[in-house]
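The values are calculated or read from the model by the stated rules, or taken from the named source; none is laboratory data. All of these numbers come straight from a predicted model, not from anything done at the bench. Note that we place each Cβ from the backbone using ideal geometry, even for glycine, and neighbour counts take in every protein chain shown.
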Amino acid sequence: MKFFIDTADVKEIRAAHDLGLVDGVTTNPSLIAKSGRKFKDVIKEIVSIVDGPISAEVISLDAPGMIKEAKELVKIHKNIVVKVPMTPEGLKATKALSEKGVKINVTLIFSPMQALLAAKAGATYVSPFVGRLDDISQDGMGIIEEIRTIFDNYGYTAEIIVASVRNPIHVLNSALIGADIATIPYSVIMQLAKHPLTDAGIKKFLADWESVPK
Ligand code: E4P
């Protein structure tokens, strides 16, 4: 299973990368805004840290606008994946760009049928948002299971990126279901590494070590 980090904060990206846990990065306009930096500057720095797919999102709502933005974005680096919203215009852009070899991550997916449409249009990645579904009392992980089944039924190769991850249980369930990727905030990556019994074990080993003759 691949881990992407869901942030535009290069400090977090470097820290997780140093742990050997980052296979790729996803950003979105909100995360870029949070970084307080210029879009292209951040993306350029991210591609210099991580050698893997880096998603950069378009903001146009019409296909010609998305295609124009995509052409600029892919000039930055060969690892750029263009993120487009799951709308009819987004699908049109996905078809046109994927036919030209541009890798597309279709984002803001909230149903299995939206994921199927994105895969049919030629997306390399589909991003269903589990946390935001949970927020409105719908079963976020349930749609991951359904998308996995549908893609396996018909041999779609689009990779499922579990997005809007809020906690370690989302990551555990993504792995159990067989999602290809989870894109995880830095705080959740750190939670995954922690266990109270690991900390207690270290404390006990160090305490016992004190009694070893020096
Ligand atoms: C995915 O690519 C998105 O950037 C992200 O996972 C959205 O998460 P949020 O619902 O926590 O904003």
Being closer than 11 Å to ILE161 by Cβ and in contact with an Asp or Glu (Cβ under 9 Å, 6 or more places away or on another chain) is the filter here; which residues of the range 104-122 pass it?
ASN105, THR107, ALA115
Condition first: more than 16 Å from the ligand (Cβ to nearest atom) and charged (D, E, K, R). Now tell me which residues in the range 80-107 satisfy that.
GLU89, LYS92, LYS95, GLU99, LYS100
So which residues in the range 168-214 are part of a loop (DSSP other than H, G, I, E, B), under 23 Å from ASP18 (Cβ atoms) and within 16 Å of the ligand (Cβ to nearest atom)?
PRO185
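I'm trying to understand the selection: among the residues of the range 142-162, which are surrounded by fewer than 20 Cβ atoms within 10 Å (Cβ to Cβ) and either on the phi > 0 side of the Ramachandran plot or within 14 Å of the ligand (Cβ to nearest atom) (or both)?
As a first pass, look at the range 142-162 and keep what is surrounded by fewer than 20 Cβ atoms within 10 Å (Cβ to Cβ): 142, 145-146, 148-150, 152-157, 159.
Of everything in the range 142-162, those that are surrounded by fewer than 20 Cβ atoms within 10 Å (Cβ to Cβ) and either on the phi > 0 side of the Ramachandran plot or within 14 Å of the ligand (Cβ to nearest atom) (or both) turn out to be GLY155, GLU159.
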Selected residue (criterion: farthest from LYS78 (Cα to Cα)) from residues of the range 110-141 that are within 10 Å of the ligand (Cβ to nearest atom) and either in contact with a strand residue (DSSP E or B) (Cβ under 6 Å, 6 or more places away or on another chain) or β-branched (Val, Ile, Thr) (or both):
VAL130
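Inside the range 103-144, can you point out the residues that are in a helix (DSSP H, G or I) and basic (Lys, Arg)?
First, the residues of the range 103-144 that are in a helix (DSSP H, G or I): 112-121, 130-135, 140-144.
Residues satisfying the conditions are LYS120, ARG132.
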Since ASN105 meets every condition but one in (1) free of Cβ contacts under 8 Å to residues at least 60 places away in the same chain; (2) within 20 Å of VAL25 (Cα to Cα), which condition does it not meet?
(1)
Please verify whether GLU159 is more than 30 Å from LYS11 (Cβ to Cβ) and of a type outside the set (Ser, Thr, Tyr), treating the condition exactly as stated.
no
So the check is Cβ under 8 Å with 6+ separation or different chains; which pairs have a first residue in the range 29-58 that's in contact (Cβ under 8 Å) with a residue 60 or more places away in the chain and within 20 Å of ALA182 (Cβ to Cβ) and a second one that's among the aliphatic types (A, V, I, L, M) and within 13 Å of the ligand (Cβ to nearest atom)?
PRO53/VAL25; PRO53/VAL81; SER55/VAL25; SER55/VAL81; SER55/VAL82
Looking only at the range 3-38, count how many residues are within 14 Å of the ligand (Cβ to nearest atom) and either modelled with pLDDT under 95 or assigned to a helix (DSSP H, G or I) (or both).
9
Looking at (1) free of Cβ contacts under 8 Å to residues at least 40 places away in the same chain; (2) under 28 Å from ASP41 (Cβ atoms), find the lone condition where ILE161 falls short.
(1)
